[in-house]
Amino acid sequence: MKQIINEIPIKTTNSFKVNGLEIEIPDNITTHFHGYEVNDDHNLILETTKTTIMNHDAVKLNIKITSNNESPIIFNYYFDQADNLIEEINIEVLNNVHANIIFNYAALSKEQHFHYLKQTIKLDNESSLNFSTINMLSSNATSIIKVDNEVLSNANLTYNLIDLGGSTKVSSSYGKTYDNAINNLNVIYLGTNEDLIDTNYYYINEETLANCAINVQGILLDHAKKTFRGTIEFVSGATSSVGNEIENCMMLSNDASSISVPLLLCNEEDVIGSHSASNGEINKDQLFYLMSKGLTKKEAINIIIMANINPILNNINNEKIVNDITHSIISVL
Amino acid sequence: MKTRVEENTTLQNIYDIKTKHEFVDKEYGLTKETIEKISASKNEPSWVLEFRLKALELFHELKDPDWGPDISYLDINKIATYVKPNSKENKSWDDVPDEIKNVFDKLGIPESEKEQMAGVGAQFDSEIIYHNLEDKLKERGVIYCNFDKAITLYPELIAKYFAKIVPVTDHKYIALHYALFSGGSFIYIPKGIKLELPLQSYFRLNEPGAGQFEHTLIIVDDDASLEFIEGCSAPGYNDLNLHAGCVELYVGKNAHLRFSTIENWSKNLLNLNTKKCIVAENGKIEWIMGSFGSKVSMLYPLSVLNGEYAKASYTLLSFAGNGQNLDTGLKVIHNAPNTTLYCDSKSISKDGGICTFRSNVYVAKKAVNANIAISCESLMLDSISRSDTIPVSNINNNQILFSHEASVGKISPDMIYYLMSRGLSEKEAAALIVEGFAEPIAKSFPVEYAVEMNRLINLELEGTIG
């Protein structure tokens, strides 16, 4: 079944085909998965049910976080052989609760896994959540991640998406930020071989003093193709609010291609909004400087890339997972 | 902090002068017969009529864009598609009918011609009523004439360039343009000729409910240079007016073209203009545009950087007030190595006005070492206005430098406070900040036009600043 997804909120000329992504969701995909492992669930209310997503049977997991946790609650999903997963995960962080959660998707085999993840996250007043979704599926997988979030008054969400696995990586995030709340999206993507990466992030400052940010760091190799769509919108009444958007695409191959569509939509005068995008090879001056200090070109490239992505990885409070991510990236450079 | 600017009675809107003029012919709608009549009145070669009729078919086949401002209320059958003024083309302002000359006098066109122009063209509704070029430039082979005349006078150049840079299939309203084109300017600057003074064409749309479809074709041959200034205005009426002009530019090897526009159409006009430029090796196109008028504008000048080391620069200012939706920007195709794009865009929105900046940048695989820097700043003067930035870049090699920056915000209360602490009134402080915001654009124009642009900004600022 063909679907148009990742549509930008305001259409533009059709010549670059950036208004949305037409994607084929196979009709014959059925959820076949043995479940997740969680390291610590005593602060959670978990409820698993069945649901339907895009006419496919799916798994639904509702999570209510009722008390603080300092070290992260980690949900590990291991895809093996014929595993496919279509799932919906709904997370609510209750008032004044401060939580830290990681959803880690890894592959045990190199089959063509299919993973469709629909997440909704709601942060109640005064709460905070440091949330990471890590896609380290096999290079043959298809990964579609769709996140909706709402950050209520004085709450603080940091959402980290590490999108490394799969030959097709599609992600979207729709965020609403309310009174004096903070809503940060951090993304790292990696494209190799003939990978297709397609993103659409749309964050809205709904009320006064709302603060949202989109920070995307990407690495493209080989013939990978990436389309980045990012939108920050200020609605009327979102006075004294702030929105920033940064996209940095490090293109390590002359055969890679990069499309960027960073939108800034403003219906309120009393705001500070900015976006910036940069695309291209690694800065030659930086490379030269590091190589003049005795590093090889490969070592210098690794250092520059890690310098760009480490501020995001630092949000993930699990050393093993960060090491796995780092190794996964360095091994293909 | 809210600032009110009191009514400045010393500012008169010279652009809104309404002139009663008896036209010779006025055609409504868009039929084969209308087009045949227009073509016959111009004694055109038969191929032009065939081309117009083909364009008419295309106009009916093509669809409105499914993006951008709503223009669905445009009914071409209610537009006077051809209005012939009661004046032939003149080489002396003394021969221009008084009521038309008075309009251009008030716009300052004859005066600027005396002081700072190498040549001037003036169009009133559908026809050129004045065209002149310094004799010494004619002797050096420079051509500057009414586009309608160029079709018969310079058939080889027309065959080589006309409708080649902007093809008839480009979009629905360029098809409309090619069906109805009338007037406009043709310029040819021979190899190695560098004009010291600019040429200027001024397009005045006077008749209520009329359309203007002028065609401008400029060829700056190898090693030549030209500065061209385009002015546009219309008085305000209740009827919907339409402007669907077309500008085709060719910049040869090592050539330079600066194309400046101050556009102040009336706020009952749809401005669906198309501008494109092809730039050869080491050539440079500079677009300088101040967009103040029109109800809706959709204008995205395209530069095709076809030659190695070709350059494009854009200096853009939009100012949208009540009832205006100015959707402007740029398109650039990097099609050769070592090409450069620089863009500095600024917009100001007030009283519910909408400014949208769109950029489309394509870098071909072979266009290595492209250097691209786009900066887009938006100033919001109230919370009922809107400012959107919609940039698209499509990059197909990694040996480039690409950066895009955009920001949006209001007049800083700290800046107002600072200037007031130096003795300025609140309104003076706010006006100074807005002028300072627009200054990089204004200073790109010749000094008299920079003054004109500041005058326009002050006209637009009458009423609420922020």
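Being more than 17 Å from the chain's Cα centre (by Cα), away from chain B (no Cβ under 11 Å) and open to solvent by less than 40 Å² (accessible area, probe 1.4 Å): is that true of A:Leu287 here? Yes: the conditions hold for A:Leu287. Being within 12 Å of chain A (Cβ to nearest Cβ), assigned to a strand (DSSP E or B) and among the β-branched types (Val, Ile, Thr): is that true of B:Ile372 here? Yes; evaluated as a whole, the condition is true for this residue. Here is the figure for the stretch B:347-389: residues that are touching a residue at least 12 places away in the same chain (Cβ under 8 Å), over 22 Å from A:Ser278 (Cα atoms) and more than 24 Å from the chain's Cα centre (by Cα) total 3. Looking only at the stretch B:404-443, count every residue that is closer than 30 Å to A:Gly237 by Cβ, part of a helix (DSSP H, G or I) and not charged (D, E, K, R) and tell me the total. Count: 16.
Suppose we filter B:Gly236, B:Gly231 for residues that are among the small types (Gly, Ala, Ser), in contact (Cβ under 8 Å) with a residue 12 or more places away in the chain and either assigned to a strand (DSSP E or B) or touching a strand residue (DSSP E or B) at 6+ places or on another chain (Cβ under 6 Å) (or both); which single one remains?
Details: B:Gly236 fails: either assigned to a strand (DSSP E or B) or touching a strand residue (DSSP E or B) at 6+ places or on another chain (Cβ under 6 Å) (or both).
Unique residue meeting the criteria: B:Gly231.
Condition check: assigned to a helix (DSSP H, G or I) and out of contact with any Phe, Trp or Tyr (no Cβ under 9 Å at 6 or more places or on another chain). Does B:Thr169 satisfy that? Quick ask: steps written out before the conclusion?
Details: assigned to a helix (DSSP H, G or I): no; out of contact with any Phe, Trp or Tyr (no Cβ under 9 Å at 6 or more places or on another chain): yes.
Against the criterion (assigned to a helix (DSSP H, G or I) and out of contact with any Phe, Trp or Tyr (no Cβ under 9 Å at 6 or more places or on another chain)), B:Thr169 does not qualify.
Filtered by the rule that a residue be outside any strand (DSSP E or B) and either open to solvent by 10 Å² or more (accessible area, probe 1.4 Å) or among the acidic types (Asp, Glu) (or both), the stretch A:156-175 gives A:Leu164, A:Ser167.
So that you can scan it fast, the table gives a plain yes or no per residue for (1) outside any loop (DSSP other than H, G, I, E, B); (2) surrounded by fewer than 17 Cβ atoms within 10 Å (Cβ to Cβ); (3) touching a strand residue (DSSP E or B) at 6+ places or on another chain (Cβ under 8 Å); (4) of a type in the set (Val, Ile, Thr):
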position: A:Gln3; (1), (2), (3), (4): yes, yes, yes, no
position: A:Thr13; (1), (2), (3), (4): no, no, yes, yes
position: A:Glu47; (1), (2), (3), (4): yes, yes, yes, no
position: A:Leu61; (1), (2), (3), (4): yes, no, yes, no
position: A:Glu70; (1), (2), (3), (4): no, yes, yes, no
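Scan the stretch A:253-279 for residues that are in contact with an Asp or Glu (Cβ under 9 Å, 6 or more places away or on another chain), open to solvent by 30 Å² or more (accessible area, probe 1.4 Å) and within 7 Å of chain B (Cβ to nearest Cβ) and the total you get is 5. Among the residues of the stretch B:80-96, at least one is farther than 26 Å from B:Asn132 by Cβ and crowded, with 19+ Cβ neighbours inside 10 Å. When B:Leu249, B:Leu317 are checked against the criterion of being in contact (Cβ under 8 Å) with a residue 24 or more places away in the chain, buried (at least 22 other Cβ atoms within 10 Å of the Cβ), more than 18 Å from B:Asp344 (Cα to Cα) and not basic (Lys, Arg), a single residue qualifies: B:Leu249.
Being in contact with a helix residue (DSSP H, G or I) (Cβ under 7 Å, 6 or more places away or on another chain), modelled with pLDDT under 95 and open to solvent by less than 20 Å² (accessible area, probe 1.4 Å) is true for just one of A:Ile282, A:Ile316. Which residue is that? Show your work before the answer.
Values: A:Ile316 fails: modelled with pLDDT under 95.
Being in contact with a helix residue (DSSP H, G or I) (Cβ under 7 Å, 6 or more places away or on another chain), modelled with pLDDT under 95 and open to solvent by less than 20 Å² (accessible area, probe 1.4 Å) holds for just one of A:Ile282, A:Ile316, which is A:Ile282.
The values are calculated or read from the model by the stated rules, or taken from the named source; none is laboratory data. Note that this is a predicted model, so its numbers are computed, not measured. Cβ: placed from backbone, ideal geometry, glycine included. Neighbour counts: every protein chain shown. SASA here: full protein model, heavy atoms, side chains in, ligands and nucleic acids out. Shrake-Rupley method; radii C 1.70, N 1.55, O 1.52, S 1.80 Å.
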